[in-house]
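Notes follow once the structure below has been shown.
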Amino acid sequence: MTLTELRYLVSLAQLKHFGRAAEYCHVTQPTLSIAVKKLEEELGVPLFERLKNTVHLTPQGQQIVKQAERVLGEADILQSLAQANQDPLKGPLKLGAIFTIGPYLFPHIIPQLQKLAPEMPLYIEENYTAKLREKLRLGELDVIIISLPFTEQDVLTQTLYDEPFVLLLPPSHTLSAAKAVACDALNAEQLLLLGEGHCFRDQVLQACPNIQQKYGESKDAASITEGSSLETLRHMVASGMGITVLPQMAAGDNSYAAGLLTTRPFAAPSPKRTVALAWRASFTRPQVIDVLNQAIRACQLF
């Protein structure tokens with residue numbers, strides 16, 4: 001068996017679909033299917049129960065996949081040890097961030113990292129938390145920037161900063177007259193939210209429990225409208241569709257003419273999120289974590 005075959009096995013176990021696993025591994029579906037079948041024949045046990053539109057691990061398969069994950073992790077350590085005598089701040093860093101952080105944080109930290117670690121180019125990926133979690137575990141990303149809480153076995157986290165939420169609305173809206181807005185004031189408003197899968201959506205609903213209760217009782221399009229990104233929500237607010245809640249860093253866009261959009265803080269206790277770094281405990285370049293922290297502190301974001 002090969003490390004490549006083990007990566008196919010782990011990907012299929014996580015995605016539970018040959019087509020999606022093949023796409024994730026950047027191979028054809030027959031290539032992945034043949035590799036998994038070869039593993040099953042070599043090990044002498046069935047690893048998956050094959051159903052019409054999905055697959056499930058057998059009891060033996062569950063044990064073998066756990067061990068395969070350990071083997072892949074150890075292989076990453078071997079590769080890192082082979083580079084141990086090199087400067088840890090030389091060579092690419094595979095850095096991921098969730099969709100609601102990356103576009104607003106990277107423009108600040110990349111110039112700082114170029115000063116602090118000019119020989120460490122970044123491979124950057126923006127994705128959902130669940131996808132970043134998978135890629136971190138598989139070694140496809142070295143470090144990810146996420147919003148807490150975040151728990152994963154053998155993964156370390158370090159808090160970067162707390163980011164307040166703000167209300168984005170047209171200047172003509174009645175709430176724009178307030179110096180600070182209470183969460184309860186959103187109950188009767190046309191609220192624009194991100195779609196399911198975004199952790200920021202969940203955080204907004206948690207910060208405004210009355211909205212969450214109302215949404216849970218009736219998914220009424222007249223009270224809540226969903227958007228695919230923070231920028232989509234901004235566009236809808238500018239067009240008069242409603243109001244939305246943004247992380248503070250995402251609220252500073254100046255692409256619209258003056259008079260179309262304004263922001264208001266929330267009244268205490270103001271909702272916020274905690275942004276953090278996450279990396280595998282086996283990651284062999286701890287100096288990178290220090291430099292990332294230093295770069296973010298130098299940005300003086302809040």
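Before anything else, pin down the relative contact order of the chain: Cα pairs under 8 Å, at least 6 apart, normalised by residue count, whole percent.
23
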Rounded to the nearest 20 debye, what is the charge dipole size of the chain about its Cα centre when +1 sits on each Lys and Arg Cβ and -1 on each Asp and Glu Cβ? 120
Here the gain from full extension of Q158 to K16, 0.36 nm per residue of separation minus their alpha-carbon distance, amounts to 48.0 nm
Hey, what D do you get for the chain in µm²/s if you plug the Kirkwood alpha-carbon radius into Stokes-Einstein at 20 °C and 1.002 mPa s? 98
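Could you work out the Kirkwood radius for the range 3-82, taking every pair of different alpha carbons, averaging 1/r and inverting it, reported in Å?
Values: mean 1/r = 0.0780 Å⁻¹.
In the range 3-82 this quantity evaluates to 12.8 Å.
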Between their Cα atoms, which of K38/K131; K135/K272; K16/K37 are more than 21 Å away from each other? K38/K131; K135/K272
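Read-outs throughout are calculated quantities, based only on the coordinates presented, and are distinct from any laboratory measurement. Model, not experiment: these values are computed from the prediction. So basically every Cβ, Gly included, is an ideal-geometry build from the backbone, and we count neighbours across all protein chains shown.
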